[in-house]
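Below is one structure; the comments refer to it alone.
The values are calculated or read from the model by the stated rules, or taken from the named source; none is laboratory data. What you see is a predicted model, and the numbers here were worked out from it, not measured in a lab. Here the Cβ positions follow ideal geometry from the backbone for every residue, glycine too, while neighbour counts run over all protein chains shown.
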Amino acid sequence: MLKLIAHRGASKVRPENTLESLHYASSLGADAVECDVQPTRDGHLVIFHDNTLQRLAGVDAAVDSVTEDEMRAALKAKGRDLLTFDGLLADYTGTAPVLLHIKHPLGEAFAKKVGGSRFPIIAGVQSLESLAEMRRELPRERILAFMPSREPYREFSAGGAGIIRLWQQWLPFPAGDGEITPDTVREVCGGEVWIMMWRKGDGALSTMDGNAQDLDAIANLRADGVLLNDIEMGLAWRRTQL
């Protein structure tokens, strides 16, 4: 059965990358809940997706150019909370594993915290450097490659990633433009292949919400998992497959 991973938590209906969003997605029955981690200027680790504060706080500043307190204040002014990595480790009580999207290499001490977490964490790495850090602490099946392009799955697999993430638009069906398939990757790498849902919307807009038609197509391509914003829709779709 296709695994359903709640992207930034239940981000279609709850504030993204918050405990509320992660807990709600877990309570619904998501197979994993995804969130992002990156450092602020003062070295604190925050659960936040964008490289800048523009979209969520209306502030034209990079995350790594502000302190945690400055970031928290900017988000609070817009009615938003800021979750830290330490807060996630202390307060997450969901039953679903956490897929942690590690946007930058964060060092040995961070990797040890991930490996020693009281709940299962799947380390999502963007670089081979991050992969090497996490491989010292986690087994292959708990490391996912958030590849920056569709080509280097061989290198990430050889480095110890047991799950390869592909973008939906890399696949050969109407929403995509590529020839790569889950079977193509599994033939070389083994392990699992998860898909990040993506549809181009009106104008410059795009969506990672997902829809039932695309889930059908991805399931037919024999993917192992899907990341999507609309976890409610995804779980409703899966009930129709039983």
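Of the residues making up region 121-139, just one is closer than 17 Å to Ile47 by Cβ and part of a loop (DSSP other than H, G, I, E, B), namely Gln126. Pairs linking a residue in region 83-109 that is closer than 26 Å to Glu70 by Cβ and acidic (Asp, Glu) to a residue that is assigned to a helix (DSSP H, G or I) and at pLDDT 95 or above, with Cβ atoms under 8 Å and 6 or more positions apart or on different chains, are Asp91/Leu19. Filtering region 75-102 to residues that are among the aromatic types (Phe, Trp, Tyr) and within 16 Å of His23 (Cβ to Cβ) leaves only Tyr92.
Yes or no, residue by residue, for (1) touching a Phe, Trp or Tyr at 6+ places or on another chain (Cβ under 6 Å); (2) among the charged types (D, E, K, R); (3) surrounded by fewer than 20 Cβ atoms within 10 Å (Cβ to Cβ):
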site	(1), (2), (3)
Asp81	no, yes, yes
Phe85	no, no, no
Leu89	no, no, yes
Ala96	no, no, no
Ser127	no, no, yes
Met134	no, no, no
Ile164	yes, no, no
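Among the conditions (1) at pLDDT below 95; (2) buried (at least 20 other Cβ atoms within 10 Å of the Cβ), Leu53 misses just one, which is (1).
What residue, among those in region 1-15 that are touching a strand residue (DSSP E or B) at 6+ places or on another chain (Cβ under 9 Å) and within 18 Å of Arg239 (Cβ to Cβ), is surrounded by the most Cβ atoms within 10 Å (Cβ to Cβ)? Only one residue tops the list, namely Ala6. The criterion of being among the basic types (Lys, Arg), within 27 Å of Ile195 (Cα to Cα) and either touching a Gly at 6+ places or on another chain (Cβ under 8 Å) or in a helix (DSSP H, G or I) (or both) holds for Arg55. Annotation note: Cβ proximity below 6 Å between a residue of region 1-13 that is touching a residue at least 40 places away in the same chain (Cβ under 8 Å) and over 19 Å from Thr240 (Cα atoms) and a residue that is aromatic (Phe, Trp, Tyr) and not in a loop (DSSP other than H, G, I, E, B) (sequence gap 6+ or interchain) occurs for Ala10/Tyr24. The sole residue among Phe156, Phe146 that is within 25 Å of Ser21 (Cβ to Cβ), crowded, with 17+ Cβ neighbours inside 10 Å, among the aromatic types (Phe, Trp, Tyr) and at pLDDT 95 or above is Phe146. Checking Arg41, Arg72, Arg80 one by one, the residue that is in contact with a Leu (Cβ under 9 Å, 6 or more places away or on another chain) and without any contact (Cβ under 8 Å) to a residue 60 or more places away in the chain is Arg72 and no other. Take the residues of region 56-66 that are within 14 Å of Leu82 (Cβ to Cβ) and not small (Gly, Ala, Ser): which is surrounded by the most Cβ atoms within 10 Å (Cβ to Cβ)? So the residue we want is Val66.
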